[in-house]
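Enquirer: Could you have a look at this structure, given as structure tokens, before my questions?
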Amino acid sequence: MSERLKTEICGIKMNTPILAASGTFGFGEEFADFVDLEKLGGVMVKCITLKPRAGNKGVRITETPAGMLNCIGLENPGVEKFLIEILPRIKNKMNVIVNISGSSVEDYGELAKLLNVDGVAAIELNISCPNVKDGGIIFGTNPKAAAEVTSTAKKFTSKPVIVKLSPNVTDITEIARSVESAGADCISLINTLMGMEININTWKPTLGNITGGLSGGAVKPVAVRMVYQVAQAVKVPVIGMGGICTAADAIEFFLAGASAVAVGTANFANPAVTMEIANDLENYLASRNLNLREIIGQVKI
Amino acid sequence: MLKIFDTEIISNAEVSANIFKLEVAAPELSQIAKAGQFVQVKVSDEFTLRRPLGIASAKNGMVKIFYRVIGKGTEILSTKKTGEHLNILGALGNGFDTNISGRILLVGGGMGLAPLLSVAEKIEADVLMGGKNKSEVDFWIKEFRAEVDRIYITTDDGSFGSLGFVTSLLPEVLEYDNYAAIYTCGPEIMMRSVYKIAEENNLPCYVSLERRMACGLGACLSCSIDTASGRKKVCKDGPIFEARAVFS
């Protein structure tokens, strides 16, 4: 594996700065036929909650111009099944970053504690899922609540805590500063933008949950802007995501200030896309005789 | 092992109003594909997602797919010409059991006949097919003729075969032979009725389900369903399920 792409974030050694975003990559193993999982910086596995969740009813996805809306609703087997059945299967194959969500501050603390085990590289606090009523985003749109969730999680784990921010806020830097001062080791952004589609024949919303989260190429400029703003506002490393489909997209995020990037929706259309991005990124850097560190945050203003 | 294949279009022609038959040269895919599996077709770079389509036939280095033009994706797919290349991910899903002993009755409605054709070319079977009218069953008859012994037909308007739905004719068809099982695909309401009749006749019944899906790999969870044995993903645990597990 190339030295040029190797990096380290919050003590997590990564062979490349390309990660897979939560909710788009299952538990990693679904992509084993297409991806050398060790070559990824990490897999942010599907969001885990204390109890199993069935997710939302009705239509859960619809394609939109240059993107898609989803309202899966955090379907997952619950933390117990994750720890007993899934983690042992995947822990030696990749950097496992566990995305967690709760409906109370205490939930995040308990999840952080339960996941403070061998095989978990870091936890990512999902305070930004727009598709469930009882949690997630209510913490992500209020700087005080976001800080409280962060400090509680920090109290119960020795793992690095990554906080995943919602773009559905007026000032992203306010939340970013707030979670940084509460002890966040790293900030990842963006989660999906809240959206909606209406069927003009039935006059009903396409999605079963009425609204959903917009992802894919359409959200990339919003994500680049927010990564740029947050990277200016905080000192902790930033993992950038939102609409990355190619190495060129990823390079924009690095220039904006991301130390690593995660690929999400693009995995659906091309399950090998993360490997292609890693290779193309390496070529970009090699042809300019640069290493990764030399482009991070180097946008010329 | 799943793979992404670069295939060449051999033909892509309208066989009935808005229904297309697509044939691609895909030697490896045609060898590994099991009856009832599906593929994810990349229609165009302009789309974020692939389009899941059932495999209707996989033999002699060729893969055959039938699709109805219902949205922008299938509309663009319908304009593809012979010689153009198509990027296909497959083969996905579990597929029908083709090691079963005895004769199978295939019961299909409309586009649901596509996966059943892939069964017919592998094992001994008869087919009971239903469609809106003569034009929507004619091309299926041509496809199935070489693969099955007997073809039973119903049309909604009575323009060909028996007037009515497949479920009206099914009890009668079951009297003609000792079928080992029923494999069915079509509108869900039809499959539920087929399942009911299968239960009454103590016949195993397997259904092929259809759901919206993004990845086809079991990652996006768009196609989750409840079954008698818990949550399942139509793309990975299915699309073939024992009817009892999903309809009772």
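The values are calculated or read from the model by the stated rules, or taken from the named source; none is laboratory data. What you are looking at is a predicted structure, and each value in this text was computed from that prediction instead of being measured. Neighbour counts are summed over all protein chains in view; Cβ atoms, including those assigned to glycine, are modelled from backbone coordinates with ideal geometry. For accessibility, only protein heavy atoms count, side chains too; no ligands or nucleic acids. Shrake-Rupley method; radii C 1.70, N 1.55, O 1.52, S 1.80 Å.
Enquirer: Filter the range B:204-223 for residues that are surrounded by fewer than 23 Cβ atoms within 10 Å (Cβ to Cβ) and within 12 Å of another protein chain (Cβ to nearest Cβ) and give the result.
Expert: Passing the criteria: B:Arg211, B:Arg212, B:Gly218.
Enquirer: Of all residues in the range B:224-248, count the ones that are in contact (Cβ under 8 Å) with a residue 40 or more places away in the chain, farther than 14 Å from B:Glu188 by Cα and open to solvent by 60 Å² or more (accessible area, probe 1.4 Å).
Expert: So the answer is 2.
Enquirer: With respect to the numbered conditions (1) modelled with pLDDT under 95; (2) in contact with a Phe, Trp or Tyr (Cβ under 7 Å, 6 or more places away or on another chain), which one is the sole condition not fulfilled by A:Asp134?
Expert: Tallying (1) modelled with pLDDT under 95; (2) in contact with a Phe, Trp or Tyr (Cβ under 7 Å, 6 or more places away or on another chain), A:Asp134 fails exactly one: (2).
Enquirer: Please give the number of the condition B:Glu121 fails out of (1) outside the structural domain of B:Lys34 (by TED's automatic domain parsing); (2) open to solvent by less than 30 Å² (accessible area, probe 1.4 Å).
Expert: (2)
Enquirer: Among the candidates B:Tyr176, B:Tyr183, single out the residue that is of a type in the set (Phe, Trp, Tyr) and open to solvent by less than 30 Å² (accessible area, probe 1.4 Å).
Expert: Residue meeting the stated conditions: B:Tyr183.
Enquirer: A further question on this structure: Within the range B:1-36, can you find the residues that are charged (D, E, K, R) and away from chain A (no Cβ under 14 Å)?
Expert: B:Glu8, B:Glu14, B:Lys21, B:Glu23, B:Lys34
Enquirer: Give me a count of the residues in the range A:47-66 that are within 7 Å of chain B (Cβ to nearest Cβ), more than 26 Å from A:Val79 (Cα to Cα) and not aliphatic (A, V, I, L, M).
Expert: Within the range A:47-66, residues that are within 7 Å of chain B (Cβ to nearest Cβ), more than 26 Å from A:Val79 (Cα to Cα) and not aliphatic (A, V, I, L, M) number 1.
Enquirer: Here's another thing I want to ask about it. Looking only at the range A:10-43, which residues are buried (at least 24 other Cβ atoms within 10 Å of the Cβ) and not in a loop (DSSP other than H, G, I, E, B)?
Expert: Listed by number, the residues that qualify are A:Ile18, A:Leu19, A:Ala20, A:Phe31, A:Gly42, A:Val43.
Enquirer: Looking at the range B:111-140, I want the residues that are under 18 Å from B:Phe38 (Cβ atoms) and among the basic types (Lys, Arg) and have a partner that is open to solvent by less than 10 Å² (accessible area, probe 1.4 Å) and not in a helix (DSSP H, G or I) with Cβ atoms under 8 Å, at least 6 apart or on another chain. Which pairs are those?
Expert: B:Lys122/B:Ala35
Enquirer: Would you confirm whether any residue within the range B:137-150 is under 19 Å from the mean Cα position of the chain (by Cα), within 14 Å of chain A (Cβ to nearest Cβ) and surrounded by fewer than 18 Cβ atoms within 10 Å (Cβ to Cβ)?
Expert: No, every residue in the range B:137-150 fails to be under 19 Å from the mean Cα position of the chain (by Cα), within 14 Å of chain A (Cβ to nearest Cβ) and surrounded by fewer than 18 Cβ atoms within 10 Å (Cβ to Cβ).
Enquirer: Of the residues that sit in the range A:250-299 and are among the hydroxyl-bearing types (Ser, Thr, Tyr) and in a helix (DSSP H, G or I), which one is nearest to the other protein chains (Cβ to nearest Cβ)?
Expert: So, considering only residues that are among the hydroxyl-bearing types (Ser, Thr, Tyr) and in a helix (DSSP H, G or I), the one nearest to the other protein chains (Cβ to nearest Cβ) is A:Thr274.
Enquirer: Here is a follow-up. Please note which strands (runs of 3 or more DSSP E) are completely contained in the range A:114-223 and include at least 2 residues that are surrounded by fewer than 20 Cβ atoms within 10 Å (Cβ to Cβ).
Expert: A:193-196
Enquirer: Additional query: Scan the range B:14-58 residue by residue and report those that are within 16 Å of the chain's Cα centre (by Cα) and among the aliphatic types (A, V, I, L, M).
Expert: B:Ile19, B:Leu22, B:Ala33, B:Ala35, B:Val39, B:Val41, B:Leu53, B:Ile55, B:Ala56, B:Ala58
Enquirer: Among the residues of the range A:48-55, are any crowded, with 20+ Cβ neighbours inside 10 Å, part of a strand (DSSP E or B) and either touching a Gly at 6+ places or on another chain (Cβ under 6 Å) or among the aromatic types (Phe, Trp, Tyr) (or both)?
Expert: No, because not a single residue in the range A:48-55 is crowded, with 20+ Cβ neighbours inside 10 Å, part of a strand (DSSP E or B) and either touching a Gly at 6+ places or on another chain (Cβ under 6 Å) or among the aromatic types (Phe, Trp, Tyr) (or both).
Enquirer: Could you tell me whether any residue of the range B:41-48 is surrounded by fewer than 18 Cβ atoms within 10 Å (Cβ to Cβ), of a type in the set (A, V, I, L, M) and modelled with pLDDT of 95 or more?
Expert: Taking every residue of the range B:41-48 in turn, none turns out to be surrounded by fewer than 18 Cβ atoms within 10 Å (Cβ to Cβ), of a type in the set (A, V, I, L, M) and modelled with pLDDT of 95 or more.
Enquirer: For the structure I just gave you, tell me whether A:Val105 is farther than 19 Å from A:Gly41 by Cβ, touching a helix residue (DSSP H, G or I) at 6+ places or on another chain (Cβ under 6 Å) and in contact (Cβ under 8 Å) with a residue 12 or more places away in the chain.
Expert: So A:Val105 passes the test.
Enquirer: What are the residue pairs meeting all of these: first residue in the range A:2-19, first residue free of Cβ contacts under 8 Å to residues at least 60 places away in the same chain, second residue surrounded by fewer than 16 Cβ atoms within 10 Å (Cβ to Cβ) and not in a strand (DSSP E or B), Cβ atoms under 7 Å, and 6 or more apart or on different chains?
Expert: Listed by first residue and then by second, the contacts come to A:Asn15/A:Met1; A:Asn15/A:Lys6; A:Asn15/A:Glu38.
Enquirer: Further question on the same structure: All but one of (1) open to solvent by less than 20 Å² (accessible area, probe 1.4 Å); (2) more than 14 Å from every other protein chain (Cβ to nearest Cβ) hold for A:Ala231; state the number of the condition that does not hold.
Expert: It fails just one condition, (1).
Enquirer: Among all residue pairs at least 6 apart or on different chains, which show Cβ distances below 9 Å where the first residue, located in the range A:44-55, is without any contact (Cβ under 8 Å) to a residue 12 or more places away in the chain and the second is of a type in the set (Gly, Ala, Ser) and part of a loop (DSSP other than H, G, I, E, B)?
Expert: Nothing qualifies.
Enquirer: Somewhere in the range B:153-165, is a residue closer than 21 Å to B:Asp97 by Cβ, in contact with a helix residue (DSSP H, G or I) (Cβ under 6 Å, 6 or more places away or on another chain) and not assigned by TED's automatic domain parsing to the domain that holds B:Phe20?
Expert: Checked the range B:153-165: no residue is closer than 21 Å to B:Asp97 by Cβ, in contact with a helix residue (DSSP H, G or I) (Cβ under 6 Å, 6 or more places away or on another chain) and not assigned by TED's automatic domain parsing to the domain that holds B:Phe20.
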